[in-house]
1. With a point put 7 Å past each Cα toward its Cβ, work out how far B:Ala182 is from B:Lys61 in nm, to one decimal.
2. Hey, can you grab everything whose amide H is under 5 Å from the amide H of A:Ala198? Only 5+ residues off in sequence or another chain; H modelled, so Pro and N-termini drop out.
3. Please work out the FRET efficiency for the pair A:Arg64 and A:Lys197, using the Cβ-Cβ distance as r and a Förster radius of 30 Å; give the result to the nearest 0.05.
4. Take the Cα pairs of segment A:5-76, get the Kirkwood Rh, then feed it into Stokes-Einstein at 25 °C and 0.890 mPa s and tell me D in µm²/s.
5. Taking amide hydrogens as modeled 1.01 Å from N in the peptide plane, which residues meet the under 5 Å criterion relative to A:Leu186, leaving out close sequence neighbours?
6. For labels at B:Glu20 and A:Glu157 in the simple 7 Å Cα→Cβ model, what's the distance in nm?
7. Could I have the simple spin-label model distance between A:Asp35 and A:Ala48, label points 7 Å from Cα toward Cβ, reported in nm to one decimal?
8. Based on the inverse mean of 1/r over its pairs of different Cα atoms, what is the Kirkwood hydrodynamic radius of segment B:11-186, in Å?
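Each reported figure results from applying straightforward, stated rules to the coordinates on display, with no laboratory input. Since this is a predicted model, take the numbers as computed values, not measurements. Note that we place each Cβ from the backbone using ideal geometry, even for glycine, and neighbour counts take in every protein chain shown.
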Amino acid sequence: MTHDETNNNPDTNLDASARDLLISRVIDGSADPEDWSSFRALAAQDPAIWSELSSAQRDHEALRESIHALEAIAQRVDLPGGSGSPHVIERRFDLVARWGGWAAAAVILIGWFTGLGPVGGAHQPTGNGPMTGSMVPSLKGATPEQAFDQYIESGREDGRVVAELPDQLVVETRPLEDGTIEVIYLRQIIERKVLDKAYREVTDEFGNRYTIPVRVDSVVRDSSF
Amino acid sequence: MSDRWEDTLPIERAIHGDREAMSRVWEGTRRWVAAVLLAHKSRTTDLEDLLQQVALKVCTKIHEVRDPSAFKPWLRTVAINTARADGRKTTRRRFGMLRLAGSTRPEREPEHLRGMTLSDDAKRVLDAAVALPEHYREPVLMRCLHAMSTKQIADVLGLPETTVETRVARGRRMLRETLEHAQNTKESTTLETKGGSSAVIGAGGAR
């Protein structure tokens, strides 16, 4: 769109537009003497404009704070460096992207190097058989694995935990200085909960978010996660 | 701020593959590119990730720009497409997910500028600014960039200066009204939940 909007305002909006422009110029420090004369004349008729100016100035300062943060982020991002043709750079970035983030997080089995497996599977942190309630160690002093297994087991007993999905999602990998590899991954637990009521979240035209009650029909998902 | 707004960026040399010129062009444009991304990205997307994607495209695709005068509109289009493509991926990932909103653990809103410490006022105004109608979002955000003039914004958006000035002024008024409306309705939108837990179905749009 390249038309000049100032020339397309309905007559009824001219005053409002002029008012908006004056406030905006004052905020930007670009108001000339003529603008200031107009502003004073307007304020003499309608002192509420001072309050509008004050609110606008406050909003502008708050927004500037965010934009300063944005500029700091922007200054951290340089062009990809190194030698070679742009195609080589692109290929390198594709490789990084493939392994580096949610967007391309691959579902891969990582049990072979973590020793972790699906719930009810072969993995048992201690002993040879599945733990019973009496064998479960207290959480204090338990290893993360023991505590996790205890959560799964007691969750299953009271119906809270349905299952742990066998696949784990790799979020991030990073080679460490000692030659090992750090892997950040997501374990997926299916839980069950009984609710009193269900709500849907909606956003109105002003961007306000609120919830409204909804009736829930039976839903069974047959797709994989 | 070390970056400056330059009207004489070595765009032609950058188009012909000069790496140093490319770097200068990027340093002279990356801040408004960040503002464009912020205006179009989904709330959950990391701004720095998107900027890196755009930087990569500048490296690999700038030779496709035929005329240096077309570079800024081209770069803006690249930024918008990058933000929207990522938004579509995010929507696909979130589609069909149920989100539990328990009474004991309120869910944290994702932030537009993740990792940056902002005052509550700044967050509130930023949320409202990125929810402005599309035509007003970019000029309002860009006008807050350090020393970016109306003329430079007009240059990037491909609009007359008067149009940019009008959009900034109107956008600021809309922002003011939105914030006042939100403030006035804040107390009246308290929601009742019965018992302990409730479910929120559908993640809802970031905007």
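1. Placing both labels 7 Å beyond Cα along the Cβ direction yields 3.2 nm.
2. Excluding prolines and chain starts, which carry no amide H, the hits are A:Val214, B:Ala199.
3. 0.10
4. It comes out at roughly 177 µm²/s.
5. Correct list: A:Leu169, A:Val170, A:Val171.
6. 7.2 nm
7. Calculated label separation equals 2.3 nm.
8. Its Kirkwood hydrodynamic radius stands at 17.8 Å.
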